[in-house]
1. Which ³J(HN,Hα) values in Hz, rounded to whole numbers, follow from the phi angles of segment 18-31 under the Karplus curve 6.51 cos²θ - 1.76 cosθ + 1.60, where θ = phi - 60° and Gly and Pro get x?
2. Mind telling me which of 93, 39, 17 comes out most flexible in a GNM of the chain, alpha-carbon contacts under 10 Å?
3. Just want the answer: with Cβ charges of +1 for Lys and Arg and -1 for Asp and Glu, which residue in 218, 78, 271 is farthest toward the dipole's positive end in segment 72-280?
4. Is there a quick way to get the dipole size of segment 72-280? I mean about its Cα centre, with the Cβ of Lys and Arg at +1 and of Asp and Glu at -1; what is the value in debye to the nearest 20?
5. If you average the sequence gap of Cα pairs under 8 Å that are 6 or more apart and divide by the length of the chain, what percent do you get for the contact order?
6. If you build a Gaussian network model of the chain, linking Cα atoms that sit under 10 Å apart, which residue out of 104, 73, 352 swings the most?
7. Answer with one residue from 207, 122, 169: the one whose Cα lies farthest towards the positive end of the charge dipole of segment 72-280, charges on Cβ with Lys, Arg +1 and Asp, Glu -1.
8. Could you give the dipole magnitude of segment 115-222 about its Cα centre, charging the beta-carbon of Lys and Arg +1 and that of Asp and Glu -1, in debye to the nearest 20?
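Just so it is clear, none of the values below were taken in a lab; they were calculated from the coordinates. It should be emphasised that the depicted structure is a prediction, and the values quoted were computed from it without experimental measurement. Virtual Cβ from ideal backbone geometry, glycine too; neighbours counted across all protein chains shown.
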Amino acid sequence: MTQVVQTFDARCKSFPLTAVPSRADGIAAQQWHLLGDDLAYPLAVLNRPALNHNLAWMQAYAARKNVHLAPHGKTTMSPELFRMQLEAGAWGLTFATIFQLAVGVQAGVRKAIIANQVLAAADLAGLHSLLQAHADLQVWFLVDSLAQLRLIEQWVATQPMFKPFDVLLEIGVLGKRTGCRTQPEALALAQAMAASSAVRLCGVECYEGIAAQCDSEHDVAAVTDLVRRVRDITQACDAQQLFAFDTILLTAGGSAVFDLVLPLLVGSGLSKPVEGVLRSGCYITHDHGHYQRYLNLVQQREGLKESLLPALEVWTLVQSVPEPGLAFLTCGRRDISYDLELPMPQRIARAGVRHMEDVVATPPDWRITALNDQHAYLQFDPAGLVPAVGDRVVLGLSHPCTTFDKWRWMVIAEDDGLVTGAIHTCF
């Protein structure tokens, strides 16, 4: 597996300007501590024990369900985290673009699903070049229209020597994202792909997350309906012998209702063996809000006693308390997710506190009510616990994807607050 070497220095947000540059394997030697005021604020922090727990938990879950795991790399776009996922047993990784795929290939990925349409000439050429450069690389991408297939065929016609692309038929939901809407449409496209010399039809794909509303009664019915449609289309393609190989690849999976799509991935009623691939991505760090609520429902449906842990937080400093009940934190839209909901105060470390056991939970009335580019508005009850200038407030978040893309590095810390590593991102 390719070793990714990255040097961290003052070009990385919140890396100390006075510190010497360091590779990831030298970060621990700095002896930085989250409570030592060694690093600037805001600071994105990954908790190593929680990361390790999530990696092992999700891999074990997939193994119990007899499906492969190909986590979506767009969540983190971090070569170090890609390697952790592969070393934990992931079958491969998922990406959304050829650019993302190239980052993954450099990190050692050799099986990849592009859960998106590929059709631009530059992207087709880029994928072709990656496949030529790495004989052991397998890539599948999505096709959902005859128009896309024709563009692929036009590009292939310009290539003197060419190996067909491996593709998956995408099934979608009316009014939602990409994918064929009806069985006749999907079957006609599958027939065209089976007859084409530009592609090889390897299986079928869907994304069940677009059908979910974080309500078990609704989600079970909606995802079951999607699974039934995808299964019917797969069986129809199989009956007409449209799949190119001796196995059929069936893949689905976001990070919200992944349990509900499992009946599709194990396959049934087909003439060939099935390789089921789950593509959940956010599990590696999980979150404190959006995905936590969805996972609570997964735990109820599955009867699970434990599941994923939040592993990503942003540490901030109270920079001003200009009036009773309002404080400002050194964190804004440039630093933390806000696309699904605003950040959530989790813990407070008073100025001068140096031991993690002295870091306490924030009162339930504390909440972030707004973000500017560099400021978070913290509202609190002035009759209760009052934050002071210089205190550190730890923020939780929803949707880790849009925190990762705001940082070019993140520190990795232990439960005792010691910083022992770092990762970099490639957005």
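1. These are the phi-based 3J(HN,Hα) values: 8, 8, 6, x, 8, 7, 4, 6, x, 4, 4, 5, 5, 6 Hz.
2. Top of the fluctuation ranking is 17.
3. The residue sitting farthest along the positive end of the dipole is 78.
4. Computed about the Cα centre, the dipole is about 380 debye.
5. 20 percent
6. Sorting by GNM fluctuation, first place goes to 352.
7. With unit charges placed on the Cβ atoms, the residue in question is 122.
8. 440 debye
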